[in-house]
Amino acid sequence: MISLFKIFIMSVFLLFSINASASVFSDAKASYYDQQGDYSFDRKKYTDAYEYYTSASEYGSGYAYFQLYAMNYKGEGRSKNSTLATKMLHKAVELQYPMAEVILAERYLYKKPRNRQEALRLLKSAAKKEYLYAYIDLYHMYSKGIGVRKNSNKANQYYRLAKANGYDIKQSSSKKSYTSSNKLVRDIQSGLKKLGFYKSKVDGITGPMTRKSIADFQNSYGYPVNSKVSSDTLKKIKNEL
């Protein structure tokens, strides 16, 4: 005879399995709609892209919410709507999408000084995901004392992290340089995707998955394995393509 305790354990296990399966299904659907959205967006089919991103957001994609923010802000696929754009940005932040976290943090830093502690929290959250812009903003905060006490040790920590990701803060200070670095990551991700090593979204974010894909590529083709995002890595990927 099955005891009540065993029945309880079996019920909990069954509930956990159902929830896990539902989560995997949602992630798969979100990924599919994200990819279709990217495909349409790259071909400037903005109306289609907007619909795909909307579907992806319904399955909990922070990336999709961020894309909807950008499209509403710029008027792509829909008329410009700053109110809706802000709502989408906050949704992306709730899902801890690093690009959204940095953009909202910068708004707080430079436009709403009272919210600088929240800006610091958001930037540190994005930095944990190895997002370059977060390193850059945190470096400036600690080196100049923006919203925090000046701290050269912490500033140098974020300087080194940014440099390890291919951006020398002390050599460049323009947003154009940030964009160039972001493009390098996107080009590497795109190349690795074509070679079958990168399975996620081409989003310009250097994270664990990007570094692992680089390492897998380097190991597979006999290059020294360092997982580095660099112009040399991109050159080697292009050679193999």
Need the failing condition index for Ala70 against (1) among the aliphatic types (A, V, I, L, M); (2) over 30 Å from Arg149 (Cα atoms); (3) in contact with a Ser or Thr (Cβ under 8 Å, 6 or more places away or on another chain); (4) surrounded by fewer than 23 Cβ atoms within 10 Å (Cβ to Cβ), just the number.
(3)
Hey, Glu101 surrounded by 23 or more Cβ atoms within 10 Å (Cβ to Cβ) and either touching a helix residue (DSSP H, G or I) at 6+ places or on another chain (Cβ under 8 Å) or outside any helix (DSSP H, G or I) (or both) or not:
yes
So in the range 131-147, with the set limited to residues that are under 25 Å from the mean Cα position of the chain (by Cα) and not in a helix (DSSP H, G or I), which one is farthest from Lys183 (Cα to Cα)?
Gly147
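Out of everything in the range 73-98 that is among the hydrophobic types (A, V, I, L, M, F, W, C) and in a helix (DSSP H, G or I), what residue ends up being surrounded by the fewest Cβ atoms within 10 Å (Cβ to Cβ)?
The residue in question is Leu84.
Laboratory data are not the source of any read-out in this text; all were calculated from the coordinates shown. Only a predicted model underlies this, so the values are computations on that prediction, with no experimental measurement involved. Glycine also receives a Cβ, built like all others from the backbone with ideal geometry; neighbour counts cover every protein chain displayed.
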